[in-house]
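Just below is one structure, and these are the notes that go with it.
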Amino acid sequence: MTEPNQTPGPSDQLQRVNLELADIFDTQPAQLAFGADAALEDHLVVCGILGGKGVGKSTLINALAKRKVSVETGGAGRGTERPMAYVHKAMQEVVAQRLRSTGRQVPLDITSHDAEPIRNAVLVDLPDFDSEFMDHLDVVRAVAPLLDRVVWVVTPRKIGDRIWVEMLDSVIKDPSNVYCVLNKVDELLSDSDPFEKTTGGRGDAPTTGAQSFWEGQYRWVTRSFDAASPLAGSQSGERRFLVAAAFPDPDRFVSRIGELWNDPDWNKYTADRSTAVEISRLACEDLQRLRSCVLGPVSAENSRTVKAINRAREQEANIARIESHYDLDRTVERLARACDPDYLQRVLNEAMGPDYCAAVATAVRAQLRPDTGLADELLERRVEHWPLLRLVHWPFGWLSRLLAKGYGLQAPRSETRPGGHGVSEGVGSLFDMEGRSPGDRIALMRSRILADQAVIARQLQMEAALPEAADLTRKVVEAIRALPPRLEADLIEQLRQLDRKPLFLAKVALWFILLWFPLLQPILAGSLEMFSDTGTVEFARGLYRIVSALSAVHLLASFAVVAGIFVVILAGMYVRSLRAVRRASDEQSVSSSAAEAFDEILISEVVVPLARPFQKQLNRIQTALRRLRNLRNWEVRTQGD
């Protein structure tokens, strides 16, 4: 288990992503192959010999080792039953430890040697993966991820078998560490006319020679590998071999050909013997070349290189398996389509009907207060900036509205529109159009989304995650009930934004009117009489006027005049407010603000909740994809560090 202060390795992180995706899709995790990290713990280069039953793996092991080290460990007909390792005696425990990394006890037979040049090179003969015994395949699958190199052994008779192709594609190794071997090449000469001739008889000397024959067989093998598997087809000629492991020297090979041609003494086909000898030499050269590749000395540095490229390949292959197992690219595409705003808007429009929003908006607008009520509120908001007018508006506001009626500004439509927010009582009637309730329309949209996204909904169990139509309907109804006050508030605020701040001179003028009639005008008139040159009588009269101006009766009468003036001013402001409300209300109707507001409610209370589960899963899967992309660059980053 990873320590808290350590960064998880690429394999650990990949498995975490795999398990997270399995949780998202509620399915079994992808089957991944991990072994490259365990292989990095030692300097061995373990080469596994893999192949089907009867391809001559054990014989090839013996031919490579130049001694009989591999024998069948099973009963009759079972073939190679237990992995058999050809390993330096000092490395036996290291090999056993590598195989224990499979997480279970893998039976292993070891043949030791003391050849120091190949101390770090190990050959492992694995059971036949196409055996009728399933435990053979289990052993191969357990050991294959821990190998550093793979030698795939086929024969002319099995080169087209699909089973070895499927097994080859499941073993994750870099192509440079995979060697494809066609064993039993002697079977290629078992037909009646293996060489090209200028005449028809076998006794005639061939004109093309052994080299031409050998190159032709290589071309055939190349075409067969190319057709069989991308991995096998990607092998260069340096990693393809034609051998006859049972006949590792020219003499034995030539004797084998004589037996195949029913001419063991080469009396009948004497002219072909030299060609057979040359072919045997080419087969032995390929066997020696294979021996050098898989049993040549390996330095610690070469071992690290071999394993590093395998780990990168293993990581890439596991990522591809995850992407394929969960079909991530197509899933992301489907989720993105389910979250597309244009798609959701289209489904909403189809579920609601072409004129539904407009009809509901008309019904909602009918619940707004009359223009006079809105003008009253607007006037109150405007009067807040005029302290003196506010004092008069509070007791005499009704008088200013009454005076405004005399101007003929009270439109009939203001009286016909019902007052108050009656939508709270009859909200259901706003939706029951065309015989469909709001719940029916919302349920239709929910069902349509599930039908359109049936594949992804089934994969991710989306139906249970989507909110129920009844819950969505309840929230829409609540939002509709709050819509009339919201529209009214928006209209008032829109008009308030258009108001200019009161001018300082206008405020001074109000104060002047307030002071002029009760105080300034009589005091000024009395003062002028007092200081005129008309005599003592005029002085006394002016003084009397000043004193009279300060009497309660005069002050009350003067303030009444001021209040009347202020009422007239308020009436004018009310007229302006009423006109502004009507103009804004008309503009709001033209721009379909109510319809837009209702559409916003449907989007926020229906569309967004229905899209949210899809968006949540899309975010989770996209996060997993980003982590997979980062893991693709793991080797580059670690080397850079």
Go through (1) touching a Phe, Trp or Tyr at 6+ places or on another chain (Cβ under 7 Å); (2) open to solvent by less than 70 Å² (accessible area, probe 1.4 Å); (3) free of Cβ contacts under 8 Å to residues at least 60 places away in the same chain for R273 and report which single condition fails. (2)
From P264, P297, grab the single residue that is open to solvent by 70 Å² or more (accessible area, probe 1.4 Å) and within 60 Å of the chain's Cα centre (by Cα). P297
What are the pairs, 6+ residues apart or on separate chains, where a residue within segment 305-325 that is under 15 Å from L628 (Cα atoms) has its Cβ under 9 Å from a residue that is open to solvent by 40 Å² or more (accessible area, probe 1.4 Å) and of a type in the set (S, T, N, Q)? N318/Q15; R321/Q31; H325/T27; H325/Q28; H325/Q31
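Is at least one residue of segment 439-456 of a type in the set (D, E, K, R), under 16 Å from A351 (Cβ atoms), open to solvent by less than 30 Å² (accessible area, probe 1.4 Å) and at pLDDT below 90?
Of all residues in segment 439-456, those of a type in the set (D, E, K, R) come to 440-441, 446, 448, 452.
Those left that are additionally under 16 Å from A351 (Cβ atoms): 440-441, 446, 448, 452.
Remaining after also requiring open to solvent by less than 30 Å² (accessible area, probe 1.4 Å): 441, 446.
Those left that are additionally at pLDDT below 90: 441.
Taking every residue of segment 439-456 in turn, at least one turns out to be of a type in the set (D, E, K, R), under 16 Å from A351 (Cβ atoms), open to solvent by less than 30 Å² (accessible area, probe 1.4 Å) and at pLDDT below 90.
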In segment 344-396, residues that are among the aliphatic types (A, V, I, L, M), under 17 Å from D586 (Cβ atoms) and open to solvent by less than 20 Å² (accessible area, probe 1.4 Å) total 6
Scan segment 13-54 residue by residue and report those that are aromatic (F, W, Y) and at pLDDT 90 or above. F25
Inspect all residues belonging to segment 281-294 and state whether any of them is farther than 30 Å from E116 by Cβ and open to solvent by less than 40 Å² (accessible area, probe 1.4 Å). yes
Failed item, numbered, when K57 is tested on (1) open to solvent by less than 60 Å² (accessible area, probe 1.4 Å); (2) at pLDDT below 85; (3) not small (G, A, S): (2)
Inter-residue pairs, beta-carbon under 7 Å, first free of Cβ contacts under 8 Å to residues at least 60 places away in the same chain and in segment 338-361, second open to solvent by less than 10 Å² (accessible area, probe 1.4 Å), 6+ apart: none
Would you confirm whether any residue within segment 496-513 is outside any helix (DSSP H, G or I), open to solvent by less than 40 Å² (accessible area, probe 1.4 Å) and modelled with pLDDT under 80? yes
Would you kindly identify the helices (runs of 4 or more DSSP H) lying entirely within segment 534-620 that contain at least 1 residues that are modelled with pLDDT of 80 or more? 552-590, 593-602
Pull out all pairs, ordered by first then second residue, where Cβ-Cβ is under 6 Å, the residues are six or more apart or on different chains, the first lies in segment 434-463 and is of a type in the set (D, E, K, R), and the second is modelled with pLDDT under 90 and open to solvent by 40 Å² or more (accessible area, probe 1.4 Å). none
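The values are calculated or read from the model by the stated rules, or taken from the named source; none is laboratory data. Note that the structure is a prediction, hence the values are computed from the model and not measured. All Cβ positions, glycine included, derive from the backbone under ideal geometry; neighbour counts span all protein chains shown. Areas reflect the complete protein model, heavy atoms only, side chains present, ligands, DNA and RNA absent. Shrake-Rupley method; radii C 1.70, N 1.55, O 1.52, S 1.80 Å.
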